[in-house]
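Bear in mind that the values in this text are calculations on the coordinates, not laboratory data. Being a predicted model, the structure only gives us computed values, none of them experimental. Glycine gets a Cβ as well: all are built from the backbone with ideal geometry, and neighbour counts include every protein chain shown.
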Amino acid sequence: MTDTNDNNDPSRRDFLYITTAVFGATGAASVAWPLIDQLNPSASVSALSSIEADISSIPEGGSLKVAWRGKPIFIRRRTKEEIEMAEKEDSVDLPHPEKDLDRVKNKEWLVVVGVCTHLGCIPIADSGDFGGWFCPCHGSHYDISGRIRKGPAPTNLEIPPYEFVNENIIKIG
Amino acid sequence: MNHDYQYTPKNGFSKWLDKRLPLMRFADENLLSFPTPKNLNYFYTFGFILTMCLVTQIITGIVLAMHYVPNTSLAFDSIEHIMRDVNYGWLIRYTHSNGASMFFLAVFIHMFRGLYYGSYKEPREIIWILGVVIFLLMIITGFMGYVLPWGQMSFWGATVITNLVATIPVVGEPVLTLLLGGYSVDNPTLNRFFSLHYLLPFVIFGVVILHIWALHVTGNNNPTGIEVKDSKDTISFHPYYTVKDLFAYVVFLIMFCYFIFYNPNILGHPDNYIEADPMLTPAHIVPEWYLLPFYAILRAVPDKLMGVLLMFGSIIVLFFLPWLDTMKVKSARYRPLYKIFFLLFVIFCLLLGYLGAKPPEGIYLFLSRVSTIYYFAFFLVIMPILSRIEKPSPMPIGISNPAINNEVFDSGGGTTGTPSYAMDSK
Amino acid sequence: MNIFKNIIKNNFFILFVIISVFNTDVDAAEGIALKNLKPGFSFEGPFGKFDKDSLKRGYQVYSEVCSSCHGMKQLSFRNLSQPGGPEFSVEKVKALASGYSIVDGTDEYGDPIERSMLLSDYFPKPFGSKDEAKAANNGAYPPDLSLIVKARVDGYNYLYSLLKGYEEEMPDDLDIGDLSYNPWYPGGAIAMYQPLYDESIEYEDGTPATIDQMSYDVTNFLAWAAEPTMEERKRLGFVVIGFLVVFLILMYLSVNRLFRDVH
C-alpha cells in the first residue's frame with residue numbers, strides 16, 4: 001500500500017523535511033532574542049541614561065558633582081588663570097597628549113568623568129601638584145584640564161558626551 | 001522491549017567517547033533508536049509536551065528572577081516593572097503565567113490517558129507513582145508561584161491554604177508558624193516561597209528523569225494495552241515519534257500563544273491586579289483554575305480537618321492505583337464497563353472544577369458532595385469490583401495482529417495459563 | 001485526517017470549555033447586577049489599536065479631574081510619549097512634567113530639596129499615604145488607577161458604565177446615606193461622588209466634553225495605562241501564530257509522509 005512515486009523520489013521527500021527543519025530552527029532561534037534582549041537596560045534605566053545639570057549657581061572657580069549612569073561627573077567652572085594655564089600646558093610633554101581646546105566645548109566649563117583612569121577611584125578636587133585633581137589610591141595627579149601629569153594612570157580623565165541645552169543647563173549623556 | 005538493535009560507534013571520536021562516557025550510546029538507545037509501539041496515538045505525545053512545558057517554565061522563570069524582588073513592599077511593583085519597562089518583559093511574564101496553566105492542562109490529559117489505557121498497571125507501577133510525585137511537586141510549585149506577585153489572591157489564597165495546616169491536631173499551630181516564618185502570611189513567607197519556587201522545578205526535573213528511566217525499563221504501553229511481542233510491533237522513536245511529538249507540540253503551542261498574545265489574563269483572576277491588603281478580604285477567594293477541583297473537595301465537607309484529609313486524600317489515593325485496579329486487561333478500549341465509569345469520572349472531575357469557583361452552598365454544595373463521593377468511589381469501590389467481574393470485549397492477539405484472541409479471560413488469581421495480552425515482552 | 005481530529009479536538013475542545021466557563025462568570029453584586037454597557041473600543045479584538053486622540057483627551061480628563069484623588073503610581077511621564085500610547089511629543093511631556101514638583105534628596109542642612117518633575121519621574125501622588133487618602137475621602141480609599149482596567153471583571157466596559165452610571169435615577173425606597181447611587185457599582189452605593197459633568201473640562205482639541213465623551217476617553221486612557229504594551233503584544237501575536245500555522249502545515253505534511261509506510 002505504499003505510494004511508490006513519493007517514496008522513491010528522495011529529492012521531494014528531503015525538500016519537505018529540510019524546509020520543515022529550517023523553519024523550525026528559525027523559530028527556535030527567534031525565541032532566543034527576547035531572552036537576550038531582556039538583559040539590556042530596561043526602559044526605566046534608559047530613562048536615566050541622560051541627566052540635566054543646572055550650572056547657573058556655580059561660582060567661578062567652583063565645581064559641581066553630579067551622578068551620571070552611576071558615576072560621578074565633575075563640572076568645573078574655571079577661572080581665567082586656570083584656562084590660561086591649561087592652554088599653556090598643551091605644549092608640555094604630557095603622558096597622554098591632548099589639547100585643552102579638544103577637551104572642552106566652552107573654555108569656562110570643564111566636564112569630566114570623575115573616575116581615575118588607573119583603577120577607578122574618585123580623585124580629590126583642588127589637590128595634587130598640577131592645580132587639578134589628585135587620586136589618593138595610587139598617587140595620580142591630574143591638571144586643570146583633567147589630564148594625567150604624574151602617576152600610574154594611563155590616560156586623561158574621560159570626557160562624557162554632553163551638550164549645553166542653554167547657558168544654565170548641561171545635558172550629559 | 002527489543003534489544004535486537006545495538007548502538008555501534010561509527011567514527012574515531014565516537015569510539016573514543018563511547019569507551020569513556022557513553023553519551024552517544026545513551027542518546028541513541030533512548031532517544032533515537034528506542035523501539036516504541038507503532039500504534040501510539042496523539043494522547044501519547046503529552047509526555048514530550050510536558051517536558052517542553054517544564055523547560056519553558058524554567059527558562060522564563062530564571063529570566064523573571066533577574067527582575068523580580070521577593071519583598072512585600074516591592075514584589076507587586078517589580079512585576080509591573082517587568083511588564084512595562086523590561087524589554088519583552090510582558091512576553092516573558094505572560095509566557096510564564098499562562099505556561100503554568102498549559103502545564104496543568106497537559107498533565108491532566110496525560111494522567112487521564114494513563115487512567116484510560118491502564119498505563120499504571122504491572123509492570124509500570126513505579127512510572128505511575130513517580131508521575132504522581134511529579135504532580136504533587138507541580139501543585140506545590142504552582143501554589144508558591146502564585147503567591148509571588150503579591151496580589152490580593154496571592155495573599156489571601158496563601159492565607160486560606162496555609163491555615164489548613166493548623167487543622168492538624170496537636171502539631172498544627174507550631175508547624176504553621178514554622179511554615180510561615182511568622183504569625184501570618186508576610187515577608188518571611190514570601191521570601192521562602194520564592195526560594196522554594198525556584199528550587200522545586202529542578203527537583204521535578206530530576207523526578208522526570210527517573211520517570212522516563214522507569215518507562216524505558218518496561219517500554220511504553222500502547223492503546224491496545226497488549227504488550228509488545230517482537231520488533232514487528234515497534235518502530236524507532238526517531239524519526240517517527242520525534243516528528244509526531246513535535247507536530248503535537250506545535251498544535252499545543254498555537255493554543256498557548258493564543259492565550260499569551262490575545263487573552264493573557266482570562267485564566268487568572270482580576271483581583272490579583274490589586275496589591276495585597278491584609279486588612280481587606282476579597283469577596284470570593286478562589287485559587288487558579290487547575291486547583292479548583294481540589295478546592296471543591298476541600299469545601300464539600302463541613303468539618304475542616306475532614307476537608308483537608310479528603311483534599312490530600314484525593315491525590316494520595318492515586319498512589320495506590322496499581323493495586324486498586326488489578327484487571328489484567330489494561331486498556332479501556334476493551335473494557336466496556338470501565339469505559340462508562342471512566343467517562344463519568346472525567347465528567348465529575350470537570351464538574352468539581354466548575355464547582356470550585358462557586359460559593360459552597362445550596363445546589364453547588366450538594367453537587368460537590370456527590371462528585372467527591374463518586375471521585376473516591378471510582379478508585380476505592382468501582383475499580384476493585386470491576387477488576388473482579390468485568391468481562392473484556394474481544395481483543396486482538398497483538399499490536400500487529402488484528403486477529404481476535406479467543407482465549408478465555410482469566411479473571412484474577414487463576415492459574416490456567418497466562419493470556420497472551422498479559423505476557424511481558426522481553 | 002485522523003491525526004488532526006484527535007489532537008485538535010482535544011486541545012480546542014478544552015480551550016472552548018475553559019473560555020466559556022470563564023466568560024460566563026460574571027461577578028453579580030448583591031441584588032443589582034446590571035450588564036455593562038459596551039460602546040465598543042478601538043483596541044478590542046485581535047487587531048485592536050488605541051485611538052491616540054482619545055488617549056490624549058483621556059489623559060487630560062485624568063490629570064484635570066481624577067488625579068486630585070487617584071494616583072497612578074505605575075505610570076511615568078516618559079510613558080506618555082512612547083509608541084503605543086497617547087504619543088504626546090517629548091517637549092509637550094517635559095512641559096507637563098515640569099508643572100509638578102518632587103522632593104529629591106536633602107541639602108547640606110538636611111532640608112529636603114524640591115525640584116520640578118522630569119520625564120523619568122512617576123505621576124505625582126495625590127496623598128502621602130493610604131490613611132491620608134482615606135481621611136480626605138470619607139474613609140474610602142480612592143484606588144490607584146494604573147491597573148484598574150485589569151483589576152475588574154470586564155474592566156473597561158465596567159468603568160465606562162460606572163462613570164456614566166451616576167445619571168441613573170435612584171429608586172425611591174433605597175437609603176444609602178452619604179453615598180452616591182450608581183447601579184453598576186456592586187451594592188449600588190459608591191463612595192465616589194459623581195466625577196464628571198458636562199463641560200467639566202475643556203478639551204484641548206476642541207471636542208465637546210460631554211459626560212459620555214469624557215467617560216469614553218478616560219476609559220480608553222486607563223485601558224492603555226493598564227497595559228501600555230498591548231499593541232505590540234497583538235502585533236507580535238499575529239507574527240508568531242502566523243509562523244506557527246505555516247510550521248504546523250509543514251509538520252503535518254512531514255508526519256503524514258513519515259507514517260505512510262507504518263501499519
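In terms of its alpha-carbon gyration tensor, region B:249-296 comes out oblate; a/c meets the 1.5 threshold, while b/c is at least as large as a/b.
Counting 0.36 nm for each residue step from B:Leu196 to B:Arg25 and taking away their Cα separation leaves a gain of 58.0 nm. Annotation: aspartates and glutamates with alpha-carbon distance below 15 angstrom to A:Lys71 (same-chain offsets under eight excluded): A:Glu52, A:Glu158. Straight Cα distances below 20 angstrom link B:Lys10 to the aspartates and glutamates B:Asp18, B:Asp28, B:Glu29, with same-chain residues fewer than 8 positions distant left out. Only helices enter the 222 nm calculation for chain B: every DSSP H run of n ≥ 4 contributes -39,500 (n - 2.57), and dividing by all residues gives -18500 deg cm²/dmol, rounded to 500. Amide H to amide H distances under 5 Å link B:Asn405 with B:Met395, B:Ile397, where only residues 5 or more positions off or on other chains count and H is placed in the peptide plane.
Rounded to the nearest 20, the Cβ-based charge dipole of region B:222-331 about its Cα centre (Lys and Arg +1, Asp and Glu -1) stands at 440 debye.
Can you find, among C:Ala133, C:His70, C:Trp224, the residue sitting farthest towards the positive end of the charge dipole of chain C, where Lys and Arg contribute +1 and Asp and Glu -1 at Cβ? The one lying farthest along the dipole's positive direction is C:Trp224. Isolated cysteines of the protein assembly as shown, defined as having no other cysteine beta carbon under 4.7 Å away, are B:Cys53, B:Cys257, B:Cys349, C:Cys66, C:Cys69.
Exceedance of the 20 Å cut-off in Cα-Cα distance is limited, within the set A:Lys65/C:Lys92; C:Lys35/C:Lys164; B:Lys330/B:Lys391; C:Lys52/C:Lys234; A:Lys107/A:Lys171; C:Lys38/C:Lys164, to A:Lys65/C:Lys92. Name the aspartates and glutamates eligible as straight-distance cross-link partners of C:Lys125: C-alpha to C-alpha under 12 Å, and not fewer than 8 places from it in the same chain. List returned: C:Asp144.
This model, with +1 at the C-beta of Lys and Arg and -1 at the C-beta of Asp and Glu, gives the protein assembly as shown a dipole about its Cα centre of some 4400 debye.
What's the angle, to the nearest 10 degrees (0 to 90), between helix A:10-37's Cα axis and the longest principal axis of chain A? The angle comes out at about 30 degrees. Helical runs assigned H by DSSP (4 residues or longer) give chain A a calculated mean residue ellipticity at 222 nm of -8000 deg cm²/dmol, each run adding -39500 (n - 2.57) before division by the residue total. The H on the amide N of A:Tyr162, modeled in the peptide plane, is under 5 Å from the matching H of A:Gly173, each at least 5 residues off or on a different chain. The length gained on full extension between C:Met170 and C:Lys73, counted as 0.36 nm times the residue separation minus their Cα-Cα distance, comes to 31.5 nm. Net charge in the neighbourhood of B:Ala166 (other residues with Cβ under 12 Å of its Cβ; Lys, Arg +1, Asp, Glu -1) is 0.
Taking Cα atoms only, the orientation of helix B:304-319 departs from the longest principal axis of chain B by about 30 degrees.
Here is the list for region C:84-170: chymotrypsin sites (Phe, Trp or Tyr not before Pro) lying in DSSP coil, each with at most 10 other C-beta atoms within 10 angstrom of its C-beta, are C:Tyr109.
Using a cut-off of 13 Å between beta-carbons, work out the net charge of the residues near C:Glu167 (Lys and Arg +1, Asp and Glu -1, C:Glu167 not included). Summing Lys and Arg as +1 and Asp and Glu as -1 gives -3. Phi-derived couplings, Karplus 6.51 cos²θ - 1.76 cosθ + 1.60 at θ = phi - 60°, listed residue by residue for region C:132-148: 4, 4, 5, 4, 7, 10, 6, x, 9, 8, x, x, 4, 9, 3, 10, 4 Hz, with x used for Gly and Pro.
When you work out D = kT/(6 pi eta Rh) for region A:58-152 at 10 °C and 1.306 mPa s, using the Kirkwood radius from C-alpha pairs as Rh and the Stokes-Einstein form, the result is 119 µm²/s. Each Cα pair under 8 Å and six or more residues apart adds its sequence gap; the mean of these over the residue count of chain B is a relative contact order of 22 percent.
Taking the 0 to 90 degree range and rounding to the nearest ten, how far is the long axis of helix B:242-262 tilted relative to the main principal axis of chain B, both from C-alpha atoms? The two axes meet at around 20 degrees. Distances between placed amide hydrogens fall under 5 Å for B:Ile235 paired with B:Thr36, B:Lys38, all partners being 5 or more residues away or on another chain.
On a per residue basis, the convex hull of the C-alpha atoms belonging to the protein assembly as shown measures out at 254 Å³. Residue-wise HN-Hα couplings along region A:142-159, as the Karplus relation 6.51 cos²θ - 1.76 cosθ + 1.60 with θ = phi - 60° gives them from phi, are 10, 8, 6, 10, x, 8, 6, 10, 8, x, x, 5, x, 10, 5, 4, 5, 9 Hz; Gly and Pro carry x. Karplus-based coupling profile of region A:47-61, in residue order and whole Hz: 5, 9, 6, 9, 10, 10, 10, 8, 9, 5, 9, 8, x, 5, x, with θ = phi - 60° in 6.51 cos²θ - 1.76 cosθ + 1.60 and x standing for Gly or Pro.
Does chain B come out rounded, prolate or oblate by the C-alpha gyration tensor, with a ≥ b ≥ c the root eigenvalues, rounded set by a/c under 1.5 and, if not, prolate when a/b is larger than b/c and oblate if not? Oblate, since a/c reaches 1.5 and b/c is not below a/b. Rg over Rh for region B:168-277 works out to 1.15, both radii taken from alpha-carbon positions and Rh defined as the Kirkwood radius. The helix-only estimate of mean residue ellipticity at 222 nm for chain C, built from DSSP H runs of length n ≥ 4 each weighted as -39500 (n - 2.57), is -13000 deg cm²/dmol after division by the residue total.
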